[in-house]
């Protein structure tokens with residue numbers, strides 16, 4: 001019995017220390033994340049492991065994800081455009097122990113789809129989209145966010 | 001009180017009638033700039049008496065997209081300088097790795113064959129409406145903006161490009177044809193603005 005407990009403990013430790021992974025999604029699937037009806041405000045951040053200001057602001061999203069259960073946070077990695085190997089993203093997630101949902105947008109030819117995500121987006125990273133699907137309000141910001149900015153964006157899309 | 005109201009109304013009308021334009025669109029005429037090059041000289045577009053147009057590229061030392069395009073930018077200047085379309089690159093980024101001294105070092109290391117100008121105040125990036133790097137503006141001799149966007153459609157691999165947006169724009173100018181694609185978007189490093 002004690003051996004079994006030990007094995008279970010080891011197994012649990014192994015699983016929790018295992019590398020984190022993220023789904024690779026296409027544009028259509030991303031658009032579903034953006035537009036699916038939800039009673040939660042969608043907070044979608046576009047980032048990449050190579051983007052220093054993105055990496056700097058990620059703790060703000062992690063904190064929001066943990067503290068505010070009224071919102072749904074999705075971190076969309078844009079790494080694929082330069083490097084299709086997702087390992088770098090996985091390693092980053094594991095190292096930072098990210099708790100928010102992470103997806104990798106696996107699409108080529110950004111010129112074909114950047115505007116479909118938001119018409120105000122030039123493609124610069126980081127960028128953040130906040131959407132209230134209940135009233136259709138959305139807020140898009142294309143720059144590094146600081147403490148309090150996310151809360152302000154969420155307030156702006158509320159009634 | 002009435003006078004104050006009149007004054008405020010005048011201010012409102014004046015500012016409304018003359019909006020401060022902060023980003024160029026295709027068809028707009030760009031203003032010239034005076035910026036310090038990595039060799040210490042101050043450079044303007046008006047210095048290029050024989051130019052038939054310009055390939056202005058907002059770039060960065062540290063951005064991986066800029067690094068992916070270094071050789072392609074050098075090749076653009078090699079191909080088009082002699083045809084009257086010099087490449088001029090501008091670095092407007094604030095923050096570590098993009099100081100003037102860093103720019104001098106990178107330009108030397110990578111053998112830049114074009115000016116690499118320091119936009120310390122970020123005024124030129126704001127006037128053009130540059131947002132990410134590398135961000136290209138193709139201008140005519142009269143400084144009319146004819147193309148805004150990416151160099152091509154494949155950041156990852158220069159060998160697998162299917163659309164050479166900037167080359168197509170400049171080739172069209174050379175033969176007096178309309179530019180086929182005037183605006184594109186690409187993923188890139190957001191210019192790091194001063195707060």
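I'd like the antiparallel share, as a percent to the nearest 5, of DSSP beta bridges with both residues in segment B:22-190.
Bridges in segment B:22-190 that DSSP calls antiparallel: roughly 65 percent.
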Inset, instruction - Name the most mobile residue of B:40, B:129, B:97, meaning the one with the largest mean-square fluctuation, in a Gaussian network model of chain B with Cα contacts below 10 Å. - result: B:40
Legend entry - Rg over Rh [alpha-carbon atoms, Kirkwood Rh] for segment B:34-118: 0.95
Inset, instruction - Report the full-extension gain for the segment residue A:155 to residue A:88: residue separation times 0.36 nm, less the Cα-Cα distance, to one decimal in nm. - result: 20.7 nm
Inset, instruction - Count, for each residue of B:51-64, the Cβ atoms from other chains sitting within 10 Å of its Cβ, then give me the mean as a whole number. - result: 1
Inset, instruction - Taking the Cα atoms of chain B, report the difference between the largest and smallest coordinate on each principal axis, in whole Å and largest first. - result: 68, 42, 33
Legend entry - Extension gain (nm, one decimal) between residue A:5 and residue A:63, 0.36 nm per residue minus Cα-Cα: 17.5 nm
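Averaged over peptide A:41-52, how many Cβ atoms belonging to another chain are found within 10 Å of each residue's Cβ? Don't jump to the answer; show the numbers that get you there.
On the way: counts 0, 0, 0, 0, 0, 1, 0, 4, 1, 6, 7, 7.
Per residue, the number of nearby Cβ atoms from other chains is 2 on average.
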Inset, instruction - At 7 Å along the Cα-to-beta-carbon direction for both residue B:79 and residue A:146, put a label point, then send me their distance in nm to one decimal. - result: 4.2 nm
Legend entry - segment A:19-157 - Kirkwood radius from inverse mean 1/r over Cα pairs (Å): 15.0 Å
Inset, instruction - Using Cα centres only, tell me the gap between segment B:103-144 and segment B:35-77 in whole Å. - result: 5 Å
Inset, instruction - Quickly work out the residue B:159-to-residue A:31 label distance, labels modelled 7 Å from Cα along the C-beta direction, and quote it in nm with one decimal. - result: 3.4 nm
Legend entry - Fluctuation leader among A:82, A:27, A:98 - chain A, Gaussian network, Cα springs under 10 angstrom: A:82
Legend entry - Residue of B:88, B:124, B:106 that the Gaussian network model of chain B assigns the largest fluctuation, springs spanning Cα pairs under 10 Å: B:106
Inset, instruction - Extending each Cα 7 Å along its Cβ direction at residue A:96 and residue B:49, get the distance between those two points in nm, one decimal. - result: 5.4 nm
Inset, instruction - Can you tell me the FRET efficiency between residue B:94 and residue B:176 if r is taken as the Cβ-Cβ distance and R0 is 35 Å, rounded to the nearest 0.05? - result: 0.30
Inset, instruction - Could you tell me what % of all Cα pairs in segment A:28-81 have separations over 15 Å? - result: 52 percent
Inset, instruction - Order the peptides A:29-41, B:143-155 from the highest to the lowest mean number of other Cβ atoms within 10 Å of their residues. - result: B:143-155, A:29-41
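Counting only DSSP beta bridges with both residues in segment A:13-159, tell me the antiparallel percent, nearest 5.
Beta bridges within segment A:13-159, antiparallel portion: roughly 40 percent.
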Inset, instruction - Could you grab the relative contact order for chain A? Cα pairs under 8 Å, six or more apart, rounded to a whole percent. - result: 29 percent
Inset, instruction - Calculate how steeply helix A:2-17 sits against the longest principal axis of the alpha-carbon atoms of chain A, using the helix alpha-carbon long axis, and give the answer as 0 to 90 degrees to the nearest 10. - result: 30 degrees
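Provide A:67, A:93, B:103 in ascending order of the number of other Cβ atoms located within 10 Å of each residue's Cβ, fewest first. Don't jump to the answer; show the numbers that get you there.
On the way: A:67 9, A:93 21, B:103 24.
Going from least to most buried by this count: A:67, A:93, B:103.
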Inset, instruction - Give the Debye-formula value of log10 I(q)/I(0) at each listed q (0.09 Å⁻¹), with one equal scatterer per alpha carbon of the protein assembly as shown, two decimals each. - result: -0.58
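So what is the calculated 222 nm ellipticity per residue for the protein assembly as shown, using -39500 (n - 2.57) for each DSSP H run with n of 4 or more, over all residues, to the nearest 500 deg cm²/dmol?
-10500 deg cm²/dmol
Each value in this text was obtained by applying a stated rule to the coordinates, not by laboratory testing. Small disclaimer: the values here were computed from a predicted structure and weren't measured. Virtual Cβ from ideal backbone geometry, glycine too; neighbours counted across all protein chains shown.
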